[in-house]
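The values are calculated or read from the model by the stated rules, or taken from the named source; none is laboratory data. These figures come from a predicted structure and were not determined experimentally. With ideal geometry, Cβ positions are generated from the backbone for all residues, glycine too; neighbour counts draw on all protein chains shown. Side chains included, ligands, DNA and RNA excluded: accessible areas come from the protein's heavy atoms. Shrake-Rupley method; radii C 1.70, N 1.55, O 1.52, S 1.80 Å.
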Amino acid sequence: MIDYFFAPMSGYAYLGHQELIGLARRCGAKVRFLPMEVARVYEAAGVTPPYDHTDPRRTYRIEDQARWAAIRGLRMEAMPPSWPTDPRLACRCILAAGRLGLDQDAVTFACLRGVWAEHRNLADPGDLQEAFESIDLPAARILAVAQTEEVRDEADAVTEEAISREIFGSPTYVLHGKRYYGQDQFDFLREALQRAAA
């Protein structure tokens with residue numbers, strides 16, 4: 001089981017998402033989707049959020065993301081109009097999809113792509129509804145379950161779990177208690193999965 005801690009508005013989670021899902025399928029591993037309220041995670045870890053970076057770090061991140069987007073064949077805006085935004089509703093929608101037995105992979109990527117390629121605001125229920133309906137998901141059901149107290153509590157618990165496990169950024173993949181931070185860690189993650197399967 002790969003524990004996948006991520007923020008639904010994370011550019012690097014967007015860049016690595018499909019690669020993670022493909023790797024898990026090839027290795028016969030399951031993915032546990034753990035969308036977190038990343039601002040709380042940054043604060044607990046004493047990390048400066050990317051949206052508060054200095055200009056040199058900000059411009060480098062834009063250059064780096066553009067390189068990875070080209071390699072991965074993804075359309076990606078340098079500075080999306082709705083980034084950063086409040087990710088809590090999107091986190092709850094991803095968890096709600098799991099409760100409904102729907103494809104969390106598809107819901108997650110719809111959120112990530114929505115921010116970085118489709119000008120969507122994850123804090124806007126209308127934007128999320130359009131994103132889910134565009135891939136034939138039952139948006140109204142997802143949004144309704146996302147507003148329940150049970151899912152709100154689950155979302156809070158995911159963020160608390162991230163903090164307790166010393167997650168400090170998005171995406172972080174955890175396998176057998178080892179953290180792999182960043183979407184450039186797939187060679188190491190693949191090796192660990194292959195060792196476990198041997």
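Some notes on this structure:
- Filtering segment 170-182 to residues that are touching a residue at least 60 places away in the same chain (Cβ under 8 Å) and either of a type outside the set (Ser, Thr, Tyr) or surrounded by fewer than 17 Cβ atoms within 10 Å (Cβ to Cβ) (or both) leaves PRO171, VAL174, LEU175, GLY182.
- Among the residues of segment 109-127, those identified as under 12 Å from ILE142 (Cβ atoms) and buried (at least 24 other Cβ atoms within 10 Å of the Cβ) are ALA110, CYS111.
- Boolean, ASP55 is free of Cβ contacts under 8 Å to residues at least 12 places away in the same chain and charged (D, E, K, R): yes
- Whichever residue in segment 93-104 is touching a helix residue (DSSP H, G or I) at 6+ places or on another chain (Cβ under 8 Å) and open to solvent by 30 Å² or more (accessible area, probe 1.4 Å) and, among such residues, is farthest from SER134 (Cα to Cα): ARG99
- Residue check, PHE188 modelled with pLDDT of 95 or more and surrounded by fewer than 20 Cβ atoms within 10 Å (Cβ to Cβ): yes
- Any hit, segment 19-41, residues being among the aromatic types (Phe, Trp, Tyr) and either over 16 Å from ASP184 (Cβ atoms) or over 18 Å from the mean Cα position of the chain (by Cα) (or both): yes
- Residues (touching a strand residue (DSSP E or B) at 6+ places or on another chain (Cβ under 8 Å), over 17 Å from GLN104 (Cα atoms) and open to solvent by less than 20 Å² (accessible area, probe 1.4 Å)) located in segment 133-169: ALA162, ILE167, GLY169
- Where helices (runs of 4 or more DSSP H) fall entirely within segment 1-76, none has at least 2 residues that are open to solvent by less than 30 Å² (accessible area, probe 1.4 Å) and of a type in the set (Asp, Glu).
- Restricting attention to segment 85-119, the residues being in a loop (DSSP other than H, G, I, E, B), within 18 Å of the chain's Cα centre (by Cα) and without any contact (Cβ under 8 Å) to a residue 60 or more places away in the chain number 5.
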